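Heads up, the thing below is written out as structure tokens.
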Amino acid sequence: MTIADSRRREQLLEEGYCIIPDVVPSEMLAELRQVTDGLLAGMSADEARIQRSTGSMIPVVRDHRLSRLIAHEPALRSLANMGFHDVRFQSGYIISKPPQGPALFWHYDWGFWKHSLSYEKFPAQLFLMYYLTDTTRENGCLRVIPRTHLEENPLHDKLHHAHTAELTKATNLNLIEFQSRPDEIDVKVKAGDVVVGDSRVLHAAHANNSAARRTVITLWYHPNFSELPEDLQAAFVSRCDPLPDDWPDDARQRYESVLIRYSGSVSPAEFSRARLNPSAS
């Protein structure tokens, strides 16, 4: 296996995240802003209320033009340079925090904690976060707690399950999920960069105290997919979003070229948000 970008691979494996700069060109960024602004304008007041903490959770399959980002060759090539091959797409969301939006709660994205692979170093799932504006602490940049994809952290035992109504509605900002942590770090990026993260790492986002919307497109992929245990392959396939019937052929083909595929007969692994503490067993 050839690894051209060993530095970022090492940071991802050890710290749980890394940044790849200048992945999305300016003209593509402009189109992504146009597409996402249009989808966000169609949100109802009730949807905005339910997703007050995230700002929005709009599936990327709502617009076929986002297939260009899903199958974006420079991003996939960057992952290949880090030693990840057969990278397959699962799903993604437009997550946009409006001006004066509250903090995003601490959580991890992984949902198969009963599987033994959850406690290995190799990431079975990665998130790719494309911010459409430069991010700062003021406008709600990402924050992470390094190494929480591998190591037990005091916060793990205090978290509720992610994406409960209480958390997404941000009805109680005094909950520990919304608080600053002594071991957190800010991850500030430029528009066009991509944050690559292990889905197990604890992450959140600051409140957006600026006067402008802060949008990120978060996509989930599975590296070295064909080498993963079959029960996980089957489970990941079941969580893919179906495409709308009106997607044009070129966008559908682009999307399907990177989509997860599994045709075996193994039963899917059990979905579980509850992280276990392997050192306690």
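List of remarks:
- Pairs linking a residue in region 3-22 that is of a type in the set (Lys, Arg) to a residue that is buried (at least 18 other Cβ atoms within 10 Å of the Cβ) and not in a loop (DSSP other than H, G, I, E, B), with Cβ atoms under 6 Å and 6 or more positions apart or on different chains, are Arg8/Cys18.
- For His156: the one exception among (1) open to solvent by 50 Å² or more (accessible area, probe 1.4 Å); (2) on the phi < 0 side of the Ramachandran plot: (1)
- Scope region 77-111; condition touching a helix residue (DSSP H, G or I) at 6+ places or on another chain (Cβ under 7 Å), open to solvent by 10 Å² or more (accessible area, probe 1.4 Å) and among the hydroxyl-bearing types (Ser, Thr, Tyr); matching residues: Tyr93
- Extreme residue, nearest to Lys97 (Cα to Cα), among residues of region 155-168 that are in a loop (DSSP other than H, G, I, E, B) and at pLDDT below 95: His163
- Single residue of region 1-21 satisfying the filter (open to solvent by 40 Å² or more (accessible area, probe 1.4 Å) and among the small types (Gly, Ala, Ser)) that is nearest to Val187 (Cα to Cα): Ser6
- Picking from residues in region 1-23 that are hydrophobic (A, V, I, L, M, F, W, C) and over 18 Å from the mean Cα position of the chain (by Cα), the one that is modelled with the lowest pLDDT is Met1.
- Some residue of region 132-151 being under 22 Å from Ala269 (Cβ atoms), open to solvent by 30 Å² or more (accessible area, probe 1.4 Å) and either aromatic (Phe, Trp, Tyr) or not in a strand (DSSP E or B) (or both): yes
- His115 vs. criteria touching a Leu at 6+ places or on another chain (Cβ under 8 Å) and more than 22 Å from Glu177 (Cα to Cα): yes
- Of all residues assigned to region 176-185, at least one qualifies as being at pLDDT 95 or above, open to solvent by less than 10 Å² (accessible area, probe 1.4 Å) and over 27 Å from Ile20 (Cα atoms).
- Of all residues in region 193-235, those satisfying the criterion of being closer than 17 Å to Arg33 by Cβ and more than 16 Å from the chain's Cα centre (by Cα) are Asn208, Ser210, Ala211, Ala212, Arg213.
- The number of residues in region 43-58 being of a type in the set (Gly, Ala, Ser) and touching a strand residue (DSSP E or B) at 6+ places or on another chain (Cβ under 9 Å) comes to 3.
The values are calculated or read from the model by the stated rules, or taken from the named source; none is laboratory data. All values reported here derive from a predicted model rather than from experimental measurement. In this analysis, Cβ positions are derived from the backbone assuming ideal geometry, glycine residues included, and neighbour counts consider all displayed protein chains. Calculation scope for accessible area: heavy atoms of the full protein, side chains included, ligands and nucleic acids excluded. Shrake-Rupley method; radii C 1.70, N 1.55, O 1.52, S 1.80 Å.
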